[in-house]
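The block underneath contains the structure these notes are about, expressed in structure tokens.
Since every read-out is calculated from the coordinates, none of them should be taken as a lab result. Since the model is a prediction, treat every value here as computed from it, not as a measurement. As a convention, Cβ positions derive from the backbone with ideal geometry for all residues, glycine included, and neighbour counts pool all protein chains shown.
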Amino acid sequence: MKTKKIISIAFIAIIAFSIIVVIIGCTTGTGVSSGTLYMTDTFNGRVYTFDMDNNIASSAPVLSTGQNATGMIFFYNDIGYITVGNSSTTDAPGVYRFDPSAQVPVAERIGKSISAQYIAFYSLTKAYVTDADVFSSTGVYTFNPLDPDAGLSGPIPGTDDMAGGMYLQDITAAGGMVYVADNGKGQVLVIDPTTDTLAASSPIPASAGGTTGLLTVRDSDGNAAVYVANNGGYDAMFNPLPGSIDVIDTSTNILKQAVSNVSATQIEYDSVNDSFFGTGYTNTYRIDPASGTAVEIKNKDNQSFGGTDIVASGGKVYISNTDYTSSKLYILDGASAETAESPVSIMVDGEDAVAGLAVY
């Protein structure tokens, strides 16, 4: 990745906003539910579990990457994957994999060091991962989930222009293409996986800055749409700007703004209740793309709250929240209200800070 020595104030503001993503590594990683929610700790790389049937959080981790800046967690084909970003105290950033069925799961790194952020699985033999290292590099790499010893390949040409302002975050596969959120330039890149080159329709400008989260949703006919969460970013004086939710029709790659004036870094769909939810650094919303509206969800004390990640499972929505001294798990029911158990204290106060969530 390339180093940028001279940066405009506006771009510094975007990077300042995005550095949190490098440290906590937020993204949604939803697997096939068996009643267990996995939760990563960004400070030490510990991975805890939460029994969703009984609302009980594990008191001890089930495994650890042993790395600061541990971020997102995903499950694919019965294997777990964890992203680790780069930081001053991280000595082995990258993509880690583990077998959740092992008696003692062990996290092993795939390939070389990159500041890994988010992963999208395109097929049994092909996955994509974004890299974003503040002031150093950005890009998209590939790996073979069935052959982890082959390591990482990349970056894909055209995805590594940090000097030009790129700073990649979430990534998703939809409609035969791979879509990448570019926080740095407020756009979505489109990769053709048959050639691993940027498609003719790339990039697609977002309707607001701070383009961070992506979500693929398919209708009953299998047609896919990609929802884009734009947190807004900051202006040159570090004042927050309004964000939005966009939707991309993958048959045409035409983007339309679905909801305005909503700041979210992650978006999730609760298929049981046919509801969209978005969460950001300080707020959480129930979103209706059809009507273009978003209603803020507040906690039982009528206070705003945000999250580092969000997943939906079994008609409930789970949101990870931390102030970096303690961590909580907010649980919402189908009516968008906290359940009786919520919020649940998780992890070890003063040691851990929750980052990513995934259901397996």
Classify the stretch 84-141 from the C-alpha gyration tensor, please: rounded if a/c falls under 1.5, else prolate or oblate depending on whether a/b exceeds b/c.
oblate
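Among 329-341, 290-302, what's the highest-first ranking by average C-beta atoms within 10 angstrom per residue?
On the way: 329-341: 16.2, 290-302: 13.0.
Result, highest mean Cβ count within 10 Å first: 329-341, 290-302.
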Given the options 340, 276, 138, identify the residue whose Cα lies farthest towards the positive end of the charge dipole of the chain (+1 on Cβ of Lys, Arg; -1 on Cβ of Asp, Glu).
138
Charge context of residue 166, other residues only, Cβ under 9 angstrom, K/R +1, D/E -1:
-2
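Given a Förster distance of 56 angstrom, what is the FRET efficiency for residue 298 paired with residue 103, based on the Cβ-Cβ distance and rounded to 0.05? Please list the in-between numbers first.
Numbers: r = 42 Å, r/R0 = 0.76.
That gives a FRET efficiency of 0.85.
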Explain nothing, just the number: relative contact order of the chain, from Cα pairs under 8 Å at least 6 residues apart, as a whole percent.
16
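Would you compute, from DSSP H runs of 4+ residues alone, the mean residue ellipticity of the chain at 222 nm, taking -39500 (n - 2.57) per run and dividing by the full residue count, rounded to the nearest 500? Numbers along the way, then the final one.
Values: 1 runs with 16 residues, N = 360.
Result for the chain, helices only: -1500 deg cm²/dmol.
Taking the radius of gyration and the Kirkwood hydrodynamic radius from Cα positions alone, what is the Rg/Rh ratio for the stretch 285-343, to two decimal places? Walk me through the intermediate numbers first.
On the way: Rg = 11.8 Å, Rh = 12.1 Å.
Checking Rg against Rh, the ratio lands at 0.97.
What does the charge dipole of the stretch 9-359 about its Cα centre add up to, to the nearest 20 debye, if the Cβ of each Lys and Arg holds +1 and the Cβ of each Asp and Glu holds -1? Walk me through the numbers before you get to the answer.
Values: 13 positive and 36 negative charges, 60 e Å.
That gives a dipole near 280 debye.
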Identify the residues of the stretch 304-325 with backbone N under 14 Å of a label point that sits 7 angstrom from the Cα of residue 339 along the Cα-to-Cβ direction, or state none.
311-320
Per its Cα gyration tensor (rounded if a/c is under 1.5, else prolate when a/b beats b/c, else oblate), the stretch 9-359 is best filed as rounded
Run the Debye formula on the Cα coordinates of the stretch 174-260, all scatterers equal and no solvent, and tell me log10 I(q)/I(0) at q = 0.21 1/Å.
-0.92
Which residues qualify? For residue 209, with a placed amide H closer than 5 Å and at least 5 residues away or on another chain, they are 232
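How big is the charge dipole of the stretch 177-321 about its Cα centre, in debye rounded to the nearest 20, if each Lys and Arg gets +1 on its Cβ and each Asp and Glu gets -1 on its Cβ?
Numbers: 7 positive and 15 negative charges, 62 e Å.
Charge dipole, the stretch 177-321, about its Cα centre: 300 debye, nearest 20.
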Which whole-angstrom value gives the distance between the alpha carbon centres of the stretch 310-360 and the stretch 176-217?
29
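Keeping to pairs on different chains or 8 or more places apart, tell me how many lysine pairs in the stretch 9-359 have Cα atoms under 16 Å apart. If you can, show how the numbers build up before the last one.
Values: 298/316; 298/328; 300/328; 316/328.
Value for the stretch 9-359: 4.
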